[in-house]
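In what follows, a structure is listed as structure tokens, so that the remarks can point back to it.
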Amino acid sequence: MGEFSIWHWLVILAIVLIIFGTKKLRNIGSDLGGAIKNFKQAVKEESGKAEAADTAAPAVDVPKIERQATKAPRAKATTASRTSKAKGSARPKKTA
């Protein structure tokens, strides 16, 4: 019961043809075919460029540059934090 027979697929195809029409489906098919063709051509050109780059220039060893650690500048305290430090903490003291 869960399998589609040929008659189910023919009914679905007929509904799709009625909704979209043959001209629109033909345009969609040709657009899809053109997109696939352009994709294959681009892949072929890209692989050709990669092969040409591999054979044209020999590999060059680039020396590794080591970075020295730098200290980040300290942020200046805001005026609110300066005043709280000068007047004391605003937190209540814990009593034991």
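Rule-based calculations on the coordinates, nothing more; no lab input. On a predicted model such as this, the values are computed, not experimentally measured, just so you know. Every residue, glycine among them, receives a Cβ derived from its backbone with ideal geometry; neighbour counts consider all protein chains shown.
Cut-off is 10 Å between beta-carbons; in what order do 26, 67 appear when sorted fewest neighbours first?
The fewest-first ordering by Cβ neighbours comes to 67, 26.
PRE reach from residue 4 (point 7 Å along Cα→Cβ): which of region 19-34 fall under 19 Å by backbone N?
19-22, 25-26, 29
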